[in-house]
Amino acid sequence: MERETMCIQAGYEPKNGESRMIPIIQSTTFKYDTSEDMGKLFDLEAAGYFYTRLQNPTNDMVAAKLAALEGGTAGMLTSSGQAANFFSIFNVANCGDHVVSASTIYGGTFNLFNVTMRKMGIDFTFVSPDCSDEELEQAFRPNTKAVFGETIANPALTVFDIERFAKAAHAHGVPLIIDNTFATPINCRPIEWGADIVTHSTTKYLDGHDVAVGGAIIDGGKFDWMAHADKFPGLTTPDDSYHGITYAEKFGMGGAFITKCTAQLMRDFGSIQAPMNAFFLNLGIESLAVRMPRHCENAQKVAEFLQAHEKVAWVTYPGLPGDKYYDLAQKYMPNGTCGVISFGLHGGRSAAEAFMKRLKVAMIATHVADAHTCVLHPANSTHRQLTDEELIAGGVGPDLIRLSVGIENVNDIISDLAQALQ
Ligand SMILES: *Cc1c(COP(=O)(O)O)cnc(C)c1O
């Protein structure tokens, strides 16, 4: 199947007389005829459902659709993008371990890694996505367990050289984890470029309608845990909490990562997506292949309009020829990148405030990447506690306006920006 077809049909095949749309299994628990039947589930000897804190059939249908779209072997949904990124790392790195991450990543993920996961004893080294081979090499340590980056970083809009970082990760015997939220599998499939694990904040384009917070993890199934058994004892030695099962042996390269992540992390942390939210997510994914090209087409026109406007000081959009990341974007996302643009006005911070107040179509919201055009001034909202000097050091200058171009008629979006700039 092509991706357009997968968006509609993958993950669920109704049998004779069954509902055409995926059913919402709104049930915490599942009934069995005998205790022996249930015992087999608890021992991971048989596949099935027993409690929605770990797994739910509706979620699994949607996760299977996402796994197909990303070209992976297994997938799972989480309650948020934050939970997905936390699980993806914590499934391979524990107290005393170390991870190499791109420095240009979503602020929430940076905080998770740099503050909260450090408290758990996991150390991080942040490298610029543009670092030299030498700097990248120096970032690795004997206890490094993974490399992490975002296909297109939110909000820096840097494009990650997936192939290059995959090579470095594999040379050190560790997986590359890619947060593919902004590109979506319609515009980029990181597994095809060497990534091992893909994560998503499904809250963004995958849902696409501001309806449900959620996340997803997909395994490419190509990382050979057993070949690096000493680095990943959680996958390659017996798990006492499941009668001594060794995940990499029992579930193989295609299933070990997601099975362990479900059986241990979802069981113990319970960050499951509500089945109702999984249903909404599936509805969003059905139109993803139609929405993404429209987001990119609109954003391209808006970026060109802004670039030509006398009051606009600068525009960052990887689809613009001349953008620092244009060539990498052409390589990894030849059909378009995303709908998010950042720009600044000659009048700086105060001009940004005056401009945004006058917008009528673009709405001020702490959100990106959905059908509605929305706009945010980080210096005045998410990054409000920082001084101008700190803002500049963090790559989010006091004048930066983040514009998420929706799928409305682009002429309405441009007229709105024009009147507000005027
Ligand atoms: C929003 C976002 C997240 C966090 O996702 P939530 O669903 O808000 O928890 C992670 N990564 C990226 C790239 C994001 O844009």
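The values are calculated or read from the model by the stated rules, or taken from the named source; none is laboratory data. Given the structure is predicted, the values throughout are model-derived calculations rather than measurements. No Cβ is skipped: glycine too gets one built from the backbone with ideal geometry, and neighbour counts run over all protein chains shown.
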Positions within the range 364-388 being among the polar types (S, T, N, Q) and more than 17 Å from GLY108 (Cβ to Cβ), in sequence order: THR373, ASN380, THR387
Residues of the range 68-80 satisfying the condition of being within 16 Å of the ligand (Cβ to nearest atom) and either surrounded by fewer than 24 Cβ atoms within 10 Å (Cβ to Cβ) or among the β-branched types (Val, Ile, Thr) (or both): THR78, SER79, SER80
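Just give me the residues in the range 339-390 being among the hydroxyl-bearing types (Ser, Thr, Tyr) and either surrounded by 14 or more Cβ atoms within 10 Å (Cβ to Cβ) or at pLDDT 90 or above (or both), in sequence order. Show your work before the answer.
Step one: list which residues in the range 339-390 are among the hydroxyl-bearing types (Ser, Thr, Tyr), which gives 342, 350, 366, 373, 381-382, 387.
Residues satisfying the conditions are SER342, SER350, THR373, THR382.
Here are ASP97, ASP33: which of them is surrounded by 12 or more Cβ atoms within 10 Å (Cβ to Cβ) and not aromatic (Phe, Trp, Tyr)? Spell out the reasoning first.
Working: ASP33 fails: surrounded by 12 or more Cβ atoms within 10 Å (Cβ to Cβ).
Being surrounded by 12 or more Cβ atoms within 10 Å (Cβ to Cβ) and not aromatic (Phe, Trp, Tyr) holds for just one of ASP97, ASP33, which is ASP97.
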Qualifying residue in the range 322-333 (condition: touching a helix residue (DSSP H, G or I) at 6+ places or on another chain (Cβ under 7 Å) and outside the structural domain of ARG164 (by TED's automatic domain parsing)): yes
Given (1) outside any strand (DSSP E or B); (2) in contact with a strand residue (DSSP E or B) (Cβ under 8 Å, 6 or more places away or on another chain); (3) β-branched (Val, Ile, Thr), number of the condition ILE178 does not satisfy: (1)
SER381 more than 25 Å from LEU283 (Cβ to Cβ), out of contact with any Asp or Glu (no Cβ under 6 Å at 6 or more places or on another chain) and either in the same structural domain as SER201 (by TED's automatic domain parsing) or within 16 Å of the ligand (Cβ to nearest atom) (or both): yes
Residue among THR237, THR184 that is closer than 21 Å to SER101 by Cα and either crowded, with 24+ Cβ neighbours inside 10 Å or modelled with pLDDT of 95 or more (or both): THR184
Evaluation of GLY336 against (1) exposed (fewer than 14 other Cβ atoms within 10 Å of the Cβ); (2) away from the ligand (no atom under 16 Å from the Cβ); (3) assigned to a loop (DSSP other than H, G, I, E, B) (one fails), failing number: (1)
Hits in the range 205-224 - residues which are touching a Phe, Trp or Tyr at 6+ places or on another chain (Cβ under 9 Å) and surrounded by fewer than 24 Cβ atoms within 10 Å (Cβ to Cβ): HIS209, VAL211, ALA212, GLY221
Pairs, first in contact (Cβ under 8 Å) with a residue 12 or more places away in the chain and away from the ligand (no atom under 14 Å from the Cβ) in the range 183-208, second aromatic (Phe, Trp, Tyr) and in a loop (DSSP other than H, G, I, E, B), C-beta under 6 Å, six or more apart: ASP196/PHE223
Pairs with Cβ under 6 Å, 6+ apart, first in the range 127-144 and closer than 15 Å to SER101 by Cβ, second surrounded by 12 or more Cβ atoms within 10 Å (Cβ to Cβ) and hydroxyl-bearing (Ser, Thr, Tyr): SER128/SER103; PRO129/THR104; PRO129/THR158; ALA139/THR125
Flag for VAL396 being within 21 Å of the chain's Cα centre (by Cα), in a loop (DSSP other than H, G, I, E, B) and hydrophobic (A, V, I, L, M, F, W, C): yes
Hits in the range 29-49 - residues which are without any contact (Cβ under 8 Å) to a residue 12 or more places away in the chain and aliphatic (A, V, I, L, M): LEU41, ALA46, ALA47
